[in-house]
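Some notes on the structure that comes next.
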Amino acid sequence: MTDHALVALLAEIAAAMVPIGRGNIWMKNEASKQFWKVDLAPFQLAAIPVTGAQYAALAGKAMLEGDPRTPVTDVSWFDAIVFCNRLSEGAGLRPCYAIDGEAVQFDREANGYRLPLEAEWEYACRAGSREVRYGELDAIAWHGGNSAGRAHPVGGKAPNAHGLYDMIGNVWEWCWDLYDPDVYGEYRVFRGGGWLDAPHACRASCRRKSHPTFRIDDLGFRLARS
């Protein structure tokens, strides 16, 4: 990637980062009916998921056919972690992740790009709402009932109160967190619902999981920073 292209990519991504103030949220494991409270420091979250064009520009991944503004998919949790570190290095920021094979350590003091914590994701998604989603489903999301069986360019539906697009629907989004390590080991969380899903999956509280090497055509990611 040329220096000019990197500068343009970094500027585009930096401009899309939305500040989210400190707060707290009650999380729920719907399977076990357990609740827990999480206090959150201020953070930033990208207004849109990482697009195919952005991912290809930095990672060299062949883009899917169609609009380059469609969210990147078929990326594993490990792929997303590596992308975050490369982006941080390109921006002259301290990378958040130390990667040793499949072992990843998270430096919470680093100022680089990273995946959101699961609690950050849900807090930002809700944007102060206690409803199952931040608006009427067809107005805010591409889902199984209106997507025509494919992902769509980012930003095509109404944003939430923070100005975040596609938090619900279009593609699921990897988070940093382990789902339930005592039961599922290394499985990581993803959130938000995708273009194939029924309304039940397209909710602020819906949690899904898979192995960090898992890739599928309705799963991408969104960038965060501390």
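The values are calculated or read from the model by the stated rules, or taken from the named source; none is laboratory data. Predicted model, so just to flag it, every value in this text is computed and none were measured. Every residue, glycine among them, receives a Cβ derived from its backbone with ideal geometry; neighbour counts consider all protein chains shown. For the accessible areas, the whole protein counts, side chains as well, though only heavy atoms, and no ligand, DNA or RNA atoms are used. Shrake-Rupley method; radii C 1.70, N 1.55, O 1.52, S 1.80 Å.
Annotations
- Entry remark, segment 103-142: residues being under 20 Å from LEU87 (Cα atoms), under 19 Å from the mean Cα position of the chain (by Cα) and of a type in the set (D, E, K, R) number 3 in total.
- Set GLY163, GLY145: member being among the small types (Gly, Ala, Ser) and open to solvent by less than 60 Å² (accessible area, probe 1.4 Å): GLY163
- Within segment 133-150, tally of residues that are in contact with a Lys or Arg (Cβ under 8 Å, 6 or more places away or on another chain) and touching a residue at least 24 places away in the same chain (Cβ under 8 Å): 5
- Test: LYS33 is in contact with a Phe, Trp or Tyr (Cβ under 7 Å, 6 or more places away or on another chain) and either open to solvent by 40 Å² or more (accessible area, probe 1.4 Å) or over 24 Å from VAL189 (Cα atoms) (or both): no
- Residue count for segment 10-26, restricted to those that are open to solvent by less than 40 Å² (accessible area, probe 1.4 Å) and either closer than 19 Å to TYR55 by Cα or at pLDDT below 95 (or both): 4
- Only one entry of VAL38, VAL7 meets the criterion of being open to solvent by 60 Å² or more (accessible area, probe 1.4 Å), more than 26 Å from THR213 (Cα to Cα), more than 15 Å from the chain's Cα centre (by Cα) and of a type outside the set (Lys, Arg), and that entry is VAL7.
- Restricting attention to segment 52-77, the residues that are modelled with pLDDT of 90 or more and touching a Gly at 6+ places or on another chain (Cβ under 9 Å) total 11.
- The lone exception for GLY169 - which of (1) under 27 Å from GLY23 (Cα atoms); (2) out of contact with any His (no Cβ under 6 Å at 6 or more places or on another chain) it fails: (2)
- Some residue of segment 196-209 being under 25 Å from VAL82 (Cβ atoms), in contact with a Phe, Trp or Tyr (Cβ under 8 Å, 6 or more places away or on another chain) and without any contact (Cβ under 8 Å) to a residue 40 or more places away in the chain: yes
- All positions within segment 10-35 that are among the acidic types (Asp, Glu) and under 19 Å from the mean Cα position of the chain (by Cα): GLU12
- Listed by position, the strands (runs of 3 or more DSSP E) inside segment 186-225 whose residues that are within 12 Å of the chain's Cα centre (by Cα) number at least 1 are 188-191, 219-221.
- The listed residue being out of contact with any Cys (no Cβ under 6 Å at 6 or more places or on another chain) and open to solvent by less than 40 Å² (accessible area, probe 1.4 Å), out of GLU122, GLU136: GLU122
- Among the criteria (1) part of a helix (DSSP H, G or I); (2) in contact (Cβ under 8 Å) with a residue 60 or more places away in the chain; (3) surrounded by fewer than 22 Cβ atoms within 10 Å (Cβ to Cβ); (4) not charged (D, E, K, R), the one ALA110 does not fulfil is (1).
- Hits in segment 41-56 - residues which are touching a strand residue (DSSP E or B) at 6+ places or on another chain (Cβ under 7 Å), open to solvent by 20 Å² or more (accessible area, probe 1.4 Å) and under 24 Å from VAL75 (Cα atoms): GLN44
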